Structures are given as structure tokens and as C-alpha cells.
Amino acid sequence: MLSLGIDIGSLTAKGVLLEGTDIVEKHLIPVGYNSKKAGEKLLDELLQKAGIKREDIGKIVSTGYGRNSIDFADRAVTEIICHGKGIHFQMPHIRTIIDIGGQDSKVIVLDKSGNVANFVMNDKCAAGTGRFLDVMARAMETEIHEFGVLSLQSKNPSKISSVCTVFAESEIISLVAKGENREDITSGIHLSIARRIASMVKRLGMIPPVAMSGGVALNVGLVDALEQILDTKIETTPFSQYSGALGAALLGQGA
Amino acid sequence: MAGRLKATKKMKSIMKWYYVEAKYARYLGKKVAWITSGGPVEPLIAMNIIPVYPENHGAMIGASKMGGKMSEFAEGLGYSSDVCSYTKNDITSSITKESPIKGGLPEPDMLICSNNICGTVLKWYEIQARKFNVPLFIYDTPFVHTEFTEEARAYVNAQTEEYIKFLEKHTGKKFNYKKMKRVGKLSLEAMRLWKKVLETAEHKPSPMTAFDAFFHLALIVTLRGKKVVVKYYRQLLKELEERNKNNIGAVDNEQYRLLWDNLPIWFRMRWLSEKFASHGAALVADTYTQAWCGVIDYVNEEDFLSTMGEAYTRIHLNVGVDQMADTIKKFIRQYDVDGLVMHSNRSCKPYSFGQYDIQNLLQDEDIPVLMIEADMTDERKFSESQAEARIDAFMEVIKQRKREKK
Ligand code: SF4
């Protein structure tokens, strides 16, 4: 049976088509302001890409912030469960998952059989979320995907003391004005967000091995910063951005 | 659905008449005292003084969704956005007279403030004492880090005596010790009944939820020591016991039982209760409403006056986190709950400050804990979509855990 997992985040919508445990197709589009429309568009394009019809899909499971706006889904499940499933499928040994989303960051602890044992999410503040990174990238007029590589070149990371997104932004603007170099500022930004995440990890009690899920896992600078602060290796997969959608598709298969 | 508790209607009428009496106190030749929620109210009742609770009023303001606006007004006066929203609601309402009660609270003849709940109330009541130019009595309760010492006992008991002198002075009447005895007994009886009411929720399915408790709490807070409270809780208890006999649950098809910590989110009660109910979850108990019957064992029925000091000092917000965690552990077992929901309340620091420590102390219980950030009355401090994402995820984890346990 074919199952489809759809993950509607605050920035991107991801879809994974699954046949048993084989990935048939995947797709990613920007969400825009209408998550319902994004879901429909994602479905259409994915069907086209895979050369199948809507009726060929047995089960559709939605997840992510917009999960409830996908009315063609058979079931809506939160990201916590889906990321847990998706990562466990790719890396069965992982016990702690860090996911930095656009609006929410979460740390998930899995039990030995890959079920979610516990989780924490960031408090209401946007510090420590993907939004923080976006704002900082904009303040530095750098593309977010260059951010990671840039920060790896830093020898002397800048100190960014404010956890508040708005204050940190002005801190960065003044660092730029002072002439601190971009590599150091970028690295400072990653360390700042990593510290914020680390306190969540500690609150839950980290059980290694640790993995990072979600699109932000592609940011090598942040992964490096987290490894430094948590003093542990952080594993990632090239498929990390699709982990939530994959987990949803697996649930559709009855996993 | 079990529907509404029948007693609810009665309760609304009692509260209405209570406020009517307070509003017309002057015409009835009675005095009005504003008092903090944890304050020693029984001596007031014994002296025929009408107690009025700005915090109860604050809750009404919250439930009427007026809290955000009122906090904003107070912030315009210069109060920090971090000040407790009950305080800001009260300060605003006493200036603008905006309120769910027409014209706001009746003005006080005196103020009674006990810092057993927090330090905020001291400044709050000082401000209001200046504004209304009325006498203020402060009942100072030392914090119980681990134990209640003999020195502490002597200290609070001396204040009980001063309190009585204060009341005699400002009413011009001798203190009525005979009535005090009756009031003390009634107060204790009301607390015992309230305890029994809450304990009906041990039953599966639970005949009531914490949302019911938040509502029915008003009487034990405002009028304990009066006969009407005892009568009312007897009726409520009967109704709940009846439900238990017939296995009628407050939540349809109750499958999961949860414990709530901290004050309610007054402006989102319906939304929250429906949200949890949609997952088959009932909030069967909470630490907040339990606070009004947590100290029964320290009061001597025959000698209320000289034992109330200890009881008022030992309340939930005036003890160390270890004791708070112990209380929560006790409830986890007593009510057989599957998870703990902590409201991290922007307003109430003494309640919210230790929550992470308590979480750590609960690690051996192996119970999922959810933290919701909000405020009891200030809607500006709450994000529905964030709360929803957390509650849904939390419930999924609880469901999964329960499935595995089977
Ligand atoms: S800070 Fe807490 S205890 Fe103090 S008045 Fe406000 S809500 Fe009540």
C-alpha cells in the first residue's frame, strides 16, 4: 500500500510517499501564508512527480504546524511523534532527538524501542527557534545556507549575550558596525542558540546517541556548536528535512 | 456527557447575593474588609465584617476576558509588565470602575493582607491603603523552608492577638469570642467538606474535573466560616457521590487522568477543558484548589484562634519546593494520574518559580510533564496555537505510554 506523509511547517511543506518501507518519492515546497493551499499544491505536484493518481494512495497522515488544515488527510499527528518515528526508522540507535523548527524547538527522548518517552518544547519565546536564525541571517545579509559553513571558519566566536531575538539582532548590528568579522559573529550566533537548546536537553536528561532532525540539521555550523556545548556527537542524515513527513508516512503504513 | 452540575446554579446565586450584600454594606451598617486569598478571614466573619477578595474579583475579570486590557491600563500608569495581573486588574478596576460587577468592588473600610501567598500583596495592599486612606493590617507569615518552628508559632500567634485588637479598634466593638468559636468550627467543617468534594475525583471515571473545582472553589475562598458554605458543599458532595454511584464521568469516556499545577487560565477555561476532553483526558485534580483544605490537620477545632496561625503559615505557597513536590507526588498516587500539566504562570512567581525544580524532583515518578506558558488573566501572555501543539503532543505521548503498559 502507498502512504503519504505531509509535514506542513511554518516555512516549508514536505511530502514523502512510501510503499511499505520504501521511499517512492519526496517533495518540498515553500508554504507561503496559506497552509491549506500549500498542502493541496504539494499533493498535486507529488502525484505528478510519482506519476500516480490520488486514489492510488491508501493513507495520508499530516503533521507539522498546519497539520489540521489538511482536510484530505486521514489523520493528523504532532511533529513529536512523527520526528520520533522518522528518525528511529533512519537511525534506530538514536535516543535523543533535537529538532529546531521555525516556531518551535523540541527535544525528544526515545525509549529503546523507538517510542517517545518524553519531550520538551521551547518556552513561548522565539529565541532558540529557527526564526532566531532567520532574523540573524537577515541582519547579516547572508543567505541562511551559507551561514553554517561561514561559522566553521571562525577562530574567535563573538559573544552574544542576549537570548532575546530582538535584542540579539541589535547586538549583531552593533558587532557588524564595530567591524568584527562575519565568521566570528555567525559562530557566536550558533553558540548562542546552541546554549539555549542545551538547557532544554539538560532539563530532559540527555541520553546519547543524539541526532538532529529537521531542516536546520543541514546547518553544519549549528551542529558543530551543539556538539561543543553538549560535548557529544550529533548525528544527522541527508534526509533530515523530511524526517517528520517520513514519520507521518510510516504511521500511515501502520507503524 | 454528564452535563453541568446542578449545584452550579445555586452557587451563582450565593455569589450574587454575597456581592449585593457587600455593595450595600454601608446601608446595612456593616463594614467591608478587603483581604488576600490566603488571609485569616474567620475573625472578620466573627465580627460581622464582610470580607471582599480582590483576587476573586481578579479571577472574574480574567474569566470575562477583561484582563489583558486592564493590565495594559496599569502598565500605562507605570506598573511593570511583570507585576501580577491580579494586582494590575485590581489597581485598574479601582480607578476606572470597570468590572464584571457593576461599578466594581465595594470600597474597603480596612485591608487585611497576609504574605503567606506572595510578597506582591504587601505592596499591592499598601498602594490600596493609600488610595482609599484606610487602615491596613499585615499578617506576616514566616516561610516554612522545612519546618514550622516554635519561634514561628509564637510570632504568628502574637499577630493573631494584634489582629483582634486591630479589628476591635476599627469597629469600635469588643471581639466576639463566642461567635469566633462557631465560625472556626464552620470554617473547618467547610474545609473538610471541600476536601471530600475534591476526593470524589478519585473515582474512575471522575465525576468532576479541575475546571469544576476552579469554579466551585469561590465559596471556600470567600465565605468559609459561614453556614451557607457548609450547606452548599454538602449539596455538591451529594450530587457528585450520586454521579459516582451511577458511574457518570464529567468527561465522556474518560481514558486518561491528569493533574494540574498552578492557578487556572481563567480566560481559556472552556477551550482547555474541551481540548483535553477531546483526547479523552480529564484533569482530575489540581494543586491550587487543594490548597484550601491542605492544612486541616493543623487546626484544632476547639481552639481555632490559637492554631490558625500555624495553618495559615503552612499553606502550599509558603513552603519549600521539596514539600510542594511531595504534595504533587501524593496526588499522583491518590488520583492515579497519567500525566502532570504545569501552568507556568507569568503572574504568579511563588507558584511558578520552582516548577523546573519540582519537575526534577519528580523524575522517579516516571510521569510525563507538560509545561504551558500563560497567565491566569492576561490574554496577551497566551498563544493558542503554541499551547495546542504542546497539548496534542503531550497527549500522544501519554496515549502511547498507556498502550505499551497494557
Ligand atoms: S503573585 Fe500569585 S499569590 Fe501573589 S497575588 Fe498574584 S496570583 Fe496571588
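Each value in this text was obtained by applying a stated rule to the coordinates, not by laboratory testing. As the structure is a prediction and not an experimental result, all values here were calculated from the model. Cβ coordinates were reconstructed from backbone atoms using ideal geometry, including for glycine residues, and neighbour counts include every protein chain displayed.
The table below gives the values:
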read-out: Spatial separation of Cα centroids for the range A:12-28 and the range A:59-106, in angstrom; value: 13
read-out: Loop-located trypsin sites (Lys or Arg not before Pro) in the range B:57-158 whose Cβ has at most 16 other Cβ within 10 Å (DSSP); value: B:Lys65, B:Lys97, B:Lys102
read-out: Rounded to the nearest 20 debye, dipole of the protein assembly as shown from Cβ charges on Lys, Arg, Asp, Glu; value: 2920
read-out: Which of B:Ile372, B:Gly38, B:Asn116, positive extreme of dipole for chain B (C-beta unit charges); value: B:Gly38
read-out: Listed pairs B:Lys31/B:Lys173; B:Lys10/B:Lys181; B:Lys6/B:Lys231; B:Lys10/B:Lys178; A:Lys37/A:Lys106; B:Lys195/B:Lys330 exceeding 19 Å between Cα atoms; value: B:Lys10/B:Lys181; B:Lys10/B:Lys178; A:Lys37/A:Lys106
read-out: Most to least packed among B:43-49, B:323-329, A:247-253 [average Cβ atoms within 10 Å]; value: A:247-253, B:43-49, B:323-329
read-out: Relative contact order %, chain B, counting alpha carbon pairs below 8 Å whose residues are six or more apart; value: 19
read-out: Cα shape, the range B:7-175, gyration tensor, a/c 1.5 rule; value: oblate
read-out: Tilt relative to chain B, helix B:177-199 - C-alpha long axis, 0 to 90 degrees, to 10; value: 10
read-out: Rough spin-label spacing in nm, given labels placed 7 Å along Cα→Cβ, for B:Glu151 and A:Cys125; value: 3.8
read-out: Cα-only Debye scattering, the range B:211-269: base-10 log of I(q)/I(0) at q = 0.17, 0.21 Å⁻¹; value: -0.78, -1.04
read-out: Per-residue [θ]222 nm for chain A (sum of -39500 (n - 2.57) over DSSP H runs n ≥ 4, rounded to 500); value: -13000 deg cm²/dmol
read-out: Gap separating the Cα centres of the range B:121-196 and the range B:321-360, nearest whole Å; value: 27
read-out: B:Glu388 versus A:Glu19: modelled label distance in nm, points set 7 Å from Cα along the beta carbon direction; value: 3.6
read-out: Average partner coverage of B:385-397, which counts Cβ from other chains inside 10 Å; value: 6
read-out: Relative contact order [Cα under 8 Å, 6+ residues apart], the range B:179-405, whole percent; value: 21
read-out: Among B:Ile95, B:Ile50, B:Ile315, residue whose mean-square fluctuation peaks in a GNM of chain B (springs only between Cα atoms under 10 Å); value: B:Ile95
read-out: Test item: A:203-212 mean partner chain Cβ contacts at 10 Å; value: 1
read-out: Partner chain coverage, peptide A:107-113 - average Cβ within 10 angstrom; value: 1
read-out: The range A:61-157: trypsin sites (Lys or Arg not before Pro) in DSSP loop, at most 11 other beta carbons within 10 Å; value: A:Lys112, A:Lys155
read-out: Amide H partners (placed H, <5 Å) of B:Val52, local residues excluded; value: B:Ala33, B:Trp34, B:Ile35
read-out: With at most 15 neighbouring Cβ atoms within 10 Å, loop chymotrypsin sites (Phe, Trp or Tyr not before Pro) (DSSP) excluded, longest segment of chain B; value: B:144-352
read-out: Dipole of the range B:179-405, positive end: most advanced residue of B:Met180, B:Asn318, B:Phe353 [Cβ charges, Cα centre]; value: B:Met180
read-out: Loop trypsin sites (Lys or Arg not before Pro), the range A:1-60, which have at most 12 other Cβ atoms in a 10 Å radius of their Cβ (DSSP); value: A:Lys53
read-out: Using θ = phi - 60° and Karplus 6.51 cos²θ - 1.76 cosθ + 1.60, couplings along the range A:184-198 (whole Hz; Gly, Pro as x); value: 5, 5, 4, 5, x, 4, 5, 5, 5, 5, 5, 5, 4, 5, 4
read-out: Helix A:243-252 vs. chain A, principal-axis angle (Cα, 0 to 90°, nearest 10); value: 20
read-out: Sequence-separation-based contact order of the range B:7-175, relative, with Cα cut under 8 Å and 6+ spacing, percent; value: 20
read-out: Most positive-pole-ward Cα, A:Gly130, A:Ser170, A:Ala211, against dipole of the range A:93-236 from beta carbon charges; value: A:Ala211
read-out: Total charge dipole magnitude, chain B, about the Cα centre, Cβ charges on Lys, Arg, Asp, Glu only, Debye to nearest 20; value: 2000
read-out: From phi via Karplus (6.51, -1.76, 1.60), per-residue ³J(HN,Hα) for the range B:389-394 in Hz, x at Gly/Pro; value: 4, 6, 5, 4, 5, 4
read-out: Cα centroid separation, the range A:205-232 to the range B:296-317 (Å); value: 52
read-out: Highest-fluctuation residue, B:Thr377, B:Thr171, B:Thr289 considered, GNM on chain B with Cα pairs under 10 Å; value: B:Thr171
read-out: Shape of the range B:1-76, Cα gyration tensor, a/c cut at 1.5; value: oblate
read-out: Label-point separation, B:Val20 to B:Lys165 (7 Å along Cα→Cβ), nm; value: 4.1
